[in-house]
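Visitor: Dumping the structure here so I can ask a few things about it.
The values are calculated or read from the model by the stated rules, or taken from the named source; none is laboratory data. Since we're looking at a predicted model, the values are computed, not measured. Positions of Cβ are backbone-derived with ideal geometry, glycine not excepted, and every protein chain shown enters the neighbour counts. Heavy atoms of the whole protein, side chains included, go into the accessibility calculation; ligands, DNA and RNA do not. Shrake-Rupley method; radii C 1.70, N 1.55, O 1.52, S 1.80 Å.
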Amino acid sequence: MRHELQSLKYRIRLIQLLTAAEQAALVPISLDKLHAFAFLADVLSPVWNLRPFEDRIGRTGKSPYYPDLQKELDLLVAMGLVEPSELNYVVDEVEKEVRFNALYALRFSSAHLTKLAGALRKDETAVREQAFLNALAEALASLPDEEIAQAASKDLVYERSGLDNEDYIDLDQMSGTSRTVRAVASFDQAFPGSKLTPARRLYMYANYLGRRAHG
Amino acid sequence: MNRFPVLERLTVSNFRMFPGSPKSPGIDFRFQGGISVLAGVNGLGKTTLINLLFRLLVGPFDLPKDSASAKFGSAAKANVVSWPGRNTYFPQRVADRAQSASAELWFKLGHSQFSVRRSLSTLKLQSCTFNGENLEISGNEQAYRDSICVAANAGQFVDFLTAIKYLTFFNEERRDILWDGQAQRQFFRILFTTPEEAREWIELEQQISSADSRARNMSNSVYQLEQDLNEGEKLLVSNAGVDARLSAEQTLLDTELRRRRELELHAERLDEDLKRIRRDLERSKLNEDLARRSVEETRFARLGRLFPNLTETARYILTQLYADGRCLACERESPQAQQRLEHAVESSLCVVCGSDLTAAQRLLENAESEDDFEEAIERLSLASLQRRSLADEERSRDQEWQEVLKELGDLTASANARIKKVEALRSQLPPDPEDLSKLRSSILELREREDIEKRKRQSAEAVYDRLLTRVSERIQTATSTVSGYFQELIGCFLEEESKLSFKTINDRPSQSGRIFRYPSLRFEMTAAAFDGEQIRSSPDDVSESQREFIDLAFRMALAEAAAIDGEITMVIETPEASLDAVYMERAANLLCTFARDPRSIVVTSNLSCSVMIPALLGPETNDQDEIEERRKRVLNLLDVAAPNAAVRYHKRQYSDFLEAGLRGRRV
């Protein structure tokens, strides 16, 4: 039961992420960009006074990746809610691993999806989450070449540092005061007297990550 | 003290305030019997001259200034201190700081003749003779002070200083004597007792006062200690069981604190474990994902070869369909369906309709080996198992961690409450009986010392009582003489009927000691609104101008009654200030009545009114000898003082005014 509930939550989260990507014209969105978007949504959720969807994520040395989220995404594809394209499996002989790539978008012709989307629009929390994800997707769409995955790798929490070199990140233990959140709060000091909106702060942080990613 | 200074001659040299004339530099003035006048307008130095006379007599000494009280202190406070203005009062009045200025006064005290010369920059004695013999000059002027006391018949120098300051001199610093019981008592002591008795009076009051003060201090300390003792004894009775309760609570608290420490250590270990498990769990998720992708990739490839016409999406869906063992339609676990699908693909049968696809079998044979695929499946199975077991372990440790945190919270709240309880019990702990015993000893010891001081005070009071009994009759007799003189003098000034009546008043020389009866004189005067004489116990009961002259008349009467040979010079500063023309005549009448041989008065006049000088020096006359005689009585500051602007421009008018006064004319 617990597993099913968790599974359901993942799928709703995925529909919300893909809806936001749709709004910001980021679809079809590649697997790595979608995971990077999911991570940035978790790490930046305190800016919108929301709790992160997923508290923990393992550091891979590449861009952020949630195995459980991917599993549910595969299932959404199989259920016909998400349409994949440009699927391919690449065997990396050096790393002895198989990498899977695809582009994803919501399948709006699905009656099931229409029903789900209608239900989400009636849920107050879901509406707030969707507004946040939409604003973040808009901000990420402004990155050069939409290099969301590269930018997410340069996030202040995700990037390994002398202060935090652990193999995984636990946002719950940071109690909403992660380095990322502190950096976003510092934008207010950079512009004294002007009250920055949360959406504007997201935009500025995305811009900051873009500059970090591209030197 | 029954002899007072009679001023004879004053000289002032090199003091720029009084340059004199080229023919007669400085001041050289001989005081006459009767009235002498220091005449000059404002700013010519009349007050300075009065203070100069005073300082020549008493030197750089003064009475302690009790600014908090306008009243006289008790005899116990009688003391001589250095005068703060000794190095500044005269120097600051002239440009050369009075470096070479000096003044000399010749005066009589009974049969003794004194001359005193002092530097005006320091007030130090430069020379001093007593009956023609030079006296030894020292820093504290002991020889001069002793000689003065002997000649004046004063018990000590402080009595001489007090009498000169408040009886002989009636200047700006004057304060009420008639309306101040303490002041009356001091003057009765100084004037109407022998020097030995006057000295003994002070010593006894000092003994009584200090013994009383020490006894009171000890009594206060004893009171505090007794309070502590009572508190302690009460605690001893009412909190007998506190010790046992405290011990029990402390044991419980220690147990709780020990348990809390254990839990804290356990929580630390759990935290470490959780971190490790979570790290491994996240890693296992990634491993599982990689293993899954390997399996998927093989299946995806196989499906591609079996169904070359299927779209990628359909292949992907089929891959997922038989990868997860779960029905994507109803989401139920269905291992049979997975086995069926696996079998169909391995047997080259269509997964949907079951048709034989052997033609495609060849393609499969040359693809990946079955062993590799089995190994990939095995890896996935292992990775999933590891992930599940780590997830279970994390859940279980997290549960334990939550329980430890809750117990820690409960324990901390309980321990904090118990700490407060222990502190409260500790404050109720009865004191150490040994401490109480020490406290009792201290109280007893202090009580004994308090009794000793009280006995000292009582013993001094007994001697004091005998002294008062011995002198009171003499003082009462003297006060009746004072009353007689006063009546004669005040009659010259007041229109109203007035008198002094004798009364004894109750007072004590210490705060808590015995009460004594002291002689005192009370002023009574008729008033327009009342029948008969009314008691005027306060200076506020008479008008401002009356008050000044009533008090002056009282001083004169005291001096007249005390002076054994009748000789005294009183120095009075500008008495006409607050009077109208009629009362100015009456004031002059009062002064002249007093200044009958052998008594004399030195008075200042600021030439503001044409009444005072003729009233003091005599009626109108053209007799040149008489006018010259009067002129000798006047120290004309218009001629000897450094002229101010008023004198530079109007000297002629002022001189004419004074000249008219000398001739007895009222302008």
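Visitor: Can you pull out the residues in segment B:506-526 that are assigned to a strand (DSSP E or B) and touching a residue at least 24 places away in the same chain (Cβ under 8 Å)?
Guide: B:507, B:516, B:517, B:518, B:519, B:520, B:521, B:523, B:524, B:525, B:526
Visitor: Filter segment B:117-155 for residues that are within 36 Å of the chain's Cα centre (by Cα) and touching a residue at least 60 places away in the same chain (Cβ under 8 Å) and give the result.
Guide: B:122, B:123, B:124, B:141
Visitor: If you take the residues of segment A:58-74 that are at the interface with chain B (Cβ under 7 Å from one of its Cβ atoms) and outside any loop (DSSP other than H, G, I, E, B), which of them is farthest from the chain's Cα centre (by Cα)?
Guide: Ranking the qualifying residues of segment A:58-74, first place goes to A:74.
Visitor: Please state which one of B:186, B:250 is polar (S, T, N, Q) and buried (at least 19 other Cβ atoms within 10 Å of the Cβ).
Guide: B:186
Visitor: Could you check, for segment A:37-55, whether at least one of its residues is within 10 Å of chain B (Cβ to nearest Cβ) and open to solvent by 20 Å² or more (accessible area, probe 1.4 Å)?
Guide: Checked segment A:37-55: at least one residue is within 10 Å of chain B (Cβ to nearest Cβ) and open to solvent by 20 Å² or more (accessible area, probe 1.4 Å).
Residues are listed down the side, and each one gets a yes or a no for (1) touching a residue at least 40 places away in the same chain (Cβ under 8 Å); (2) touching an Asp or Glu at 6+ places or on another chain (Cβ under 6 Å); (3) assigned to a loop (DSSP other than H, G, I, E, B):
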position	(1), (2), (3)
B:459	no, no, no
B:462	no, no, no
B:466	no, no, no
B:474	yes, no, no
B:477	no, no, no
B:490	yes, no, no
B:495	no, no, yes
B:504	no, no, no
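Visitor: Out of the residues in segment B:291-316 meeting the condition of being surrounded by 19 or more Cβ atoms within 10 Å (Cβ to Cβ) and of a type in the set (A, V, I, L, M, F, W, C), tell me which one is farthest from residue A:71 (Cα to Cα).
Guide: By that ranking, first place goes to B:306.
Visitor: Being modelled with pLDDT of 90 or more, within 11 Å of another protein chain (Cβ to nearest Cβ) and within 24 Å of residue A:153 (Cβ to Cβ), is that true of even one residue in segment A:11-21?
Guide: No; the residues of segment A:11-21 include none that is modelled with pLDDT of 90 or more, within 11 Å of another protein chain (Cβ to nearest Cβ) and within 24 Å of residue A:153 (Cβ to Cβ).
A quick yes/no check of all residues on (1) surrounded by 20 or more Cβ atoms within 10 Å (Cβ to Cβ); (2) polar (S, T, N, Q):
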residue	(1), (2)
B:139	no, no
B:167	yes, no
B:190	yes, no
B:207	yes, yes
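Visitor: Just a yes or no: is a residue in segment B:641-650 open to solvent by less than 70 Å² (accessible area, probe 1.4 Å), in contact with a Ser or Thr (Cβ under 6 Å, 6 or more places away or on another chain) and either closer than 24 Å to residue B:187 by Cα or hydrophobic (A, V, I, L, M, F, W, C) (or both)?
Guide: For segment B:641-650, residues open to solvent by less than 70 Å² (accessible area, probe 1.4 Å), in contact with a Ser or Thr (Cβ under 6 Å, 6 or more places away or on another chain) and either closer than 24 Å to residue B:187 by Cα or hydrophobic (A, V, I, L, M, F, W, C) (or both): absent.
Visitor: Same structure, new question: Give segment B:79-103 a look and list any residue that's touching a strand residue (DSSP E or B) at 6+ places or on another chain (Cβ under 9 Å) and of a type in the set (Ser, Thr, Tyr), or say none.
Guide: Of everything in segment B:79-103, those that are touching a strand residue (DSSP E or B) at 6+ places or on another chain (Cβ under 9 Å) and of a type in the set (Ser, Thr, Tyr) turn out to be B:82, B:100, B:102.
Visitor: Within segment A:19-36, work out how many residues are touching a helix residue (DSSP H, G or I) at 6+ places or on another chain (Cβ under 6 Å), surrounded by fewer than 24 Cβ atoms within 10 Å (Cβ to Cβ) and of a type in the set (Gly, Ala, Ser).
Guide: Final tally of qualifying residues: 1.
Results for (1) in contact with an Asp or Glu (Cβ under 9 Å, 6 or more places away or on another chain); (2) free of Cβ contacts under 8 Å to residues at least 24 places away in the same chain, shown as yes or no for each residue.
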position	(1), (2)
B:561	no, no
B:565	no, no
B:586	yes, no
B:622	no, no
B:625	no, yes
B:635	no, no
B:650	no, yes
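Visitor: Okay, next question. Would a scan of segment A:77-99 turn up a residue that is open to solvent by 10 Å² or more (accessible area, probe 1.4 Å), in contact (Cβ under 8 Å) with a residue 60 or more places away in the chain, under 22 Å from residue A:167 (Cβ atoms) and more than 11 Å from chain B (Cβ to nearest Cβ)?
Guide: Taking every residue of segment A:77-99 in turn, none turns out to be open to solvent by 10 Å² or more (accessible area, probe 1.4 Å), in contact (Cβ under 8 Å) with a residue 60 or more places away in the chain, under 22 Å from residue A:167 (Cβ atoms) and more than 11 Å from chain B (Cβ to nearest Cβ).
Visitor: Kindly establish whether residue B:324 is under 30 Å from residue B:399 (Cα atoms), at pLDDT 80 or above and either open to solvent by less than 30 Å² (accessible area, probe 1.4 Å) or within 12 Å of another protein chain (Cβ to nearest Cβ) (or both).
Guide: Spelling it out, it is not the case that residue B:324 is under 30 Å from residue B:399 (Cα atoms), at pLDDT 80 or above and either open to solvent by less than 30 Å² (accessible area, probe 1.4 Å) or within 12 Å of another protein chain (Cβ to nearest Cβ) (or both).
Visitor: Same structure, new question: What number goes with the only condition from (1) open to solvent by 30 Å² or more (accessible area, probe 1.4 Å); (2) within 30 Å of residue A:59 (Cβ to Cβ); (3) within 12 Å of chain A (Cβ to nearest Cβ) that residue B:332 does not pass?
Guide: (2)
Visitor: Taking the stated definitions as given, is residue B:388 open to solvent by 90 Å² or more (accessible area, probe 1.4 Å), part of a helix (DSSP H, G or I), in the same structural domain as residue B:307 (by TED's automatic domain parsing) and basic (Lys, Arg)?
Guide: yes
Visitor: Is it the case that some residue within segment B:463-471 is surrounded by 14 or more Cβ atoms within 10 Å (Cβ to Cβ), more than 23 Å from residue B:198 (Cβ to Cβ) and out of contact with any strand residue (DSSP E or B) (no Cβ under 6 Å at 6 or more places or on another chain)?
Guide: Among the residues of segment B:463-471, not one is surrounded by 14 or more Cβ atoms within 10 Å (Cβ to Cβ), more than 23 Å from residue B:198 (Cβ to Cβ) and out of contact with any strand residue (DSSP E or B) (no Cβ under 6 Å at 6 or more places or on another chain), which makes the answer no.
Visitor: Of everything in segment B:276-285 that's at the interface with chain A (Cβ under 7 Å from one of its Cβ atoms) and either buried (at least 19 other Cβ atoms within 10 Å of the Cβ) or under 60 Å from the mean Cα position of the chain (by Cα) (or both), which residue is farthest from residue B:378 (Cα to Cα)?
Guide: My answer is B:278.
Visitor: Return the residue satisfying two criteria in turn: it lies in segment B:107-123 and is buried (at least 18 other Cβ atoms within 10 Å of the Cβ) and touching a Lys or Arg at 6+ places or on another chain (Cβ under 8 Å), and of such residues it is nearest to residue B:61 (Cα to Cα).
Guide: Residue satisfying both the conditions and the ranking: B:123.
Visitor: Provide a single number: the residues in segment B:9-25 that are in a strand (DSSP E or B) and open to solvent by 60 Å² or more (accessible area, probe 1.4 Å).
Guide: Counting residues in segment B:9-25 that are in a strand (DSSP E or B) and open to solvent by 60 Å² or more (accessible area, probe 1.4 Å) gives 1.
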